[in-house]
Amino acid sequence: MNGRTLITRAALAAALLWPLPAFADFQGFINGLWPEAQKRGVPQSVFRQTFAGMTPEPKVVELTRKQPEFKSTSAQYLVKRVSQLRVDKGRAMAQQWSAVLDHIEATYGVDRHIVLSVWGNETNYGGYLGGHNAIRAMATLAYNGYRRDYFRKELLHALDILAQGHTSPENMVGSWAGAMGHTQFMPSSFKAYAVDITGDGRRDIWTTIPDALASTANYLKVHGWRPGEAWGYEVILPAGLHAAKGQTHTLADWQRRGVRRANGEKFPRPADQGRLLLPSGPNGPALLVLPNFRVIKRYNNSDNYALAIGYLADRIRGGGPFVTPWPLDQLLSQNERVEIQTRLNALGFAAGETDGALGPASRAAISAFQKATDTAVDGQPSPDVLERLRAAAKKR
């Protein structure tokens, strides 16, 4: 979610204790919204059109009970969020929307690749906007008492959006929790940060891609994006460095301590402040994250999410994978490693024994498979490789 309140453990616990829905007086709940909607200036015709024939969506109620606590490692999260397929599509989108992104970058000062990365991570560049009628979803949640006050307020904000003519009820597509459009704004965030960059009088994040991308840039700008600064850098730490995770110094200070960029380049802005982040512990990639990393977290308050946004942005820009590999035991499950070997062997790429070890034979087989399928060749096992192997098996 962006500009949204995350589902906390406390909310999850409350959802698990939440009674089964009773939809007996749903229409009464809808009717009860009208006096407040009328006070806000919502025309009765808009109100009636929005709720005409509406019934609750039981699936939304079920989804509140199925929100798992987040258990993915950073490695698993990133390789799923930043697959080569998503990188390739992001680069294509960068070309397709280059003129729009030029204008957005000049107007808001936010790195175009970050904006593209948010789009890619939130809806796969518009490939899946959520599949729910946001009004119906929020009405169902509010009526059934799931964070009642919050979703009732968001529902009224959504009615304001409709009353102002930014979109129509049937276009208001989003997630089960009401996050909407190409870059997934809750109605309150839409009202605060969405913009009409096309000048047609509507802030349309559902069907007008320039508005959606510009709204994301505006959101990040308002929350403190620093133009010209990176989100972070992968670094190599010197042996024996005594620096606790979370320590912050200027990049010049880190460099004096022996820290260097993993790609061998110099820090372009030595005076910028960087905080040490070790997302998978001492055996995985090390990063210095900058204030813009915190700004990304205003979209979704998760280090993994911010890492995915920054990493995908760098890959779309033309950067390579992390120099330091993720620990294999944090990247793929044992069953997934065995499946890679099994599928490689079945497709004629000699991966050796199916023991999940993924040694030199398996990595050579992965490289051969990547070369044969015209994808980036690195020989590294990943969920992206597994996804492509499964797709290749279906084509046989």
Legend entry - Counted residues, the stretch 142-194 - those being farther than 20 Å from Y125 by Cβ, of a type in the set (S, T, Y) and in a loop (DSSP other than H, G, I, E, B): 2
Legend entry - Candidate set: the stretch 275-316, residues that are basic (K, R) and assigned to a helix (DSSP H, G or I); chosen: the one nearest to A94 (Cα to Cα): R315
Inset, instruction - State whether one or more residues within the stretch 69-83 are at pLDDT 85 or above, farther than 30 Å from I161 by Cα and not in a helix (DSSP H, G or I). - result: yes
Legend entry - Among the residues listed as A134, A142, the single one being crowded, with 20+ Cβ neighbours inside 10 Å and either charged (D, E, K, R) or under 30 Å from A94 (Cα atoms) (or both): A134
Legend entry - Hits in the stretch 121-132 - residues which are outside any loop (DSSP other than H, G, I, E, B) and at pLDDT below 95: H132
Inset, instruction - Please work out which residue is modelled with the lowest pLDDT, limiting yourself to the stretch 34-64 and to residues that are under 17 Å from G178 (Cβ atoms), in a helix (DSSP H, G or I) and charged (D, E, K, R). - result: E62
Legend entry - Checklist (1) exposed (fewer than 14 other Cβ atoms within 10 Å of the Cβ); (2) at pLDDT 95 or above applied to G310, failing item: (1)
Inset, instruction - Among the residues of the stretch 344-396, write down those that are in contact with a Ser or Thr (Cβ under 6 Å, 6 or more places away or on another chain) and surrounded by fewer than 16 Cβ atoms within 10 Å (Cβ to Cβ). - result: V377
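The values are calculated or read from the model by the stated rules, or taken from the named source; none is laboratory data. A quick note: this is a predicted structure, and the numbers were derived from the prediction, not measured. Reconstructed Cβ throughout: ideal geometry from the backbone, glycine too, with neighbour counts over all protein chains shown.
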